[in-house]
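Below is the structure I would like to discuss, written out as structure tokens.
The values are calculated or read from the model by the stated rules, or taken from the named source; none is laboratory data. Because the structure is a prediction, the values reported are computed rather than measured. For neighbour counting, all protein chains shown are included, and Cβ atoms are generated from backbone atoms with ideal geometry for every residue, glycine included.
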Amino acid sequence: MRNRQEQGTRRVGMFEVILTRRKRFGWRWQVCDQSGKIFADGFERTRPSAKYHGERALFFLLSQADLRNRSAASSED
């Protein structure tokens, strides 16, 4: 049983939200992993809005990974 649980769990890498100022046009946000692979990105007029949308995308990404892990674990039972 323990071996099955260990196989079902995957290590999730670190993610970060990056905010970049785009001259006078606004802010670009990106959700990236440690290797620099972009999982989500967008553009907002204000920094608070870009921060909100970036963190929202990160939360959504992590919640979807958790849901997939739960459904995979329940299908193994």
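Of all residues in the stretch 35-48, which are over 20 Å from S63 (Cβ atoms), in contact with a Phe, Trp or Tyr (Cβ under 8 Å, 6 or more places away or on another chain) and of a type outside the set (F, W, Y)?
Correct list: E44, R45, T46, R47.
Something else about it: Which count do you get for residues in the stretch 19-40 that are of a type in the set (G, A, S), over 11 Å from H53 (Cα atoms) and surrounded by 10 or more Cβ atoms within 10 Å (Cβ to Cβ)?
Matching residues across the stretch 19-40 total 1.
Quick one: how many residues across the stretch 28-69 are at pLDDT below 95, within 14 Å of E16 (Cβ to Cβ) and over 12 Å from the mean Cα position of the chain (by Cα)?
The number of residues fulfilling the criteria is 2.
Filtering the stretch 1-27 down to residues that are at pLDDT 90 or above and closer than 15 Å to L58 by Cβ, which residue is nearest to the chain's Cα centre (by Cα)?
Among residues in the stretch 1-27 that are at pLDDT 90 or above and closer than 15 Å to L58 by Cβ, the one nearest to the chain's Cα centre (by Cα) is F15.
Inside the stretch 41-65, can you point out the residues that are part of a helix (DSSP H, G or I), surrounded by 15 or more Cβ atoms within 10 Å (Cβ to Cβ) and in contact with a strand residue (DSSP E or B) (Cβ under 9 Å, 6 or more places away or on another chain)?
If the condition is that a residue be part of a helix (DSSP H, G or I), surrounded by 15 or more Cβ atoms within 10 Å (Cβ to Cβ) and in contact with a strand residue (DSSP E or B) (Cβ under 9 Å, 6 or more places away or on another chain), then S49, A50, K51, H53, G54, A57, L58, L61 are the ones that fit.
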